[in-house]
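To start, the structure itself, in structure tokens.
Read-outs: derived from the displayed coordinates by stated rules, not from any lab. All values derive from a computational prediction rather than experimental measurement. Counting neighbours? That spans all protein chains shown, and the Cβs are built from the backbone with ideal geometry, glycine included.
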Amino acid sequence: MKNQALLVILMFLLDSTLVCAQKNKVELFFKDGTVLTGLGKLTGDYIKYKPDKKDKPSKYHFALLDHAVIHYDKLPLTYVYLYVNNKKRPRVLEQVIGGEINLYRISSMNRAPFPGGNGGFIGEYTFSTNSYYILRSSDKKATYLGSNTLFSKNFKKEGVKFFKDCPKLIEKIKEETLKLKHIKEIVHFYNQKCKK
């Protein structure tokens, strides 16, 4: 019974955090050079924006933006709208690292049933999924590298293909010294030691 009460409290806190996230500071950088600063949140391919708490919100499609910066607990995250290989429409991606090779991700919160006794369920638990994309500064479409889920695509194969111009890095990926969980380290390594 105590576990059930604890789970309900945790779910309430998570939902409260999501509600509060609707009032983050945002900076919208439009393609025409206009910059808007206010409050807002990301909703699919749109930013819901208002200059101040009391103002009525407006929605701006990401196709109008060069990028947007959303401040979560004073941590700024930059979002861009990019085409991805094998997808017809662009996607909103969070930029993690910039350079010759840019690293992006899509983070999502997922819910799954929490098993209880006698084959039943006592609630849900949440977990995050990160899907990673990379883009050379000279390319027009980002490449999907994989995600932290169990059934993600083979990173070794995709990594060797993408970083083929850096033998030192390919060796580390083939030997599995560096895996998808080291993706930030991999991109930093390439940008510092492999770029031409």
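Annotations for the structure displayed:
- Positions within segment 41-69 being more than 16 Å from residue 93 (Cα to Cα), assigned to a strand (DSSP E or B) and touching a Ser or Thr at 6+ places or on another chain (Cβ under 9 Å), in sequence order: 48, 49, 50, 59
- Members of segment 175-196 found to be part of a helix (DSSP H, G or I) and touching a Gly at 6+ places or on another chain (Cβ under 9 Å), listed by number: 180, 183, 186, 187, 188, 190, 191, 192
- When residue 26 is tested against the conditions (1) assigned to a strand (DSSP E or B); (2) hydrophobic (A, V, I, L, M, F, W, C); (3) surrounded by fewer than 17 Cβ atoms within 10 Å (Cβ to Cβ), the lone failure is (3).
- Evaluated against (1) of a type in the set (A, V, I, L, M, F, W, C); (2) buried (at least 17 other Cβ atoms within 10 Å of the Cβ); (3) within 17 Å of the chain's Cα centre (by Cα), residue 65 falls short on exactly one condition, (3).
- Every residue from segment 89-99 that is without any contact (Cβ under 8 Å) to a residue 60 or more places away in the chain and of a type outside the set (D, E, K, R): 90, 92, 93, 95, 98
- If only residues of segment 68-88 that are under 19 Å from residue 136 (Cα atoms) and touching a residue at least 40 places away in the same chain (Cβ under 8 Å) are counted, the one that is surrounded by the fewest Cβ atoms within 10 Å (Cβ to Cβ) is 86.
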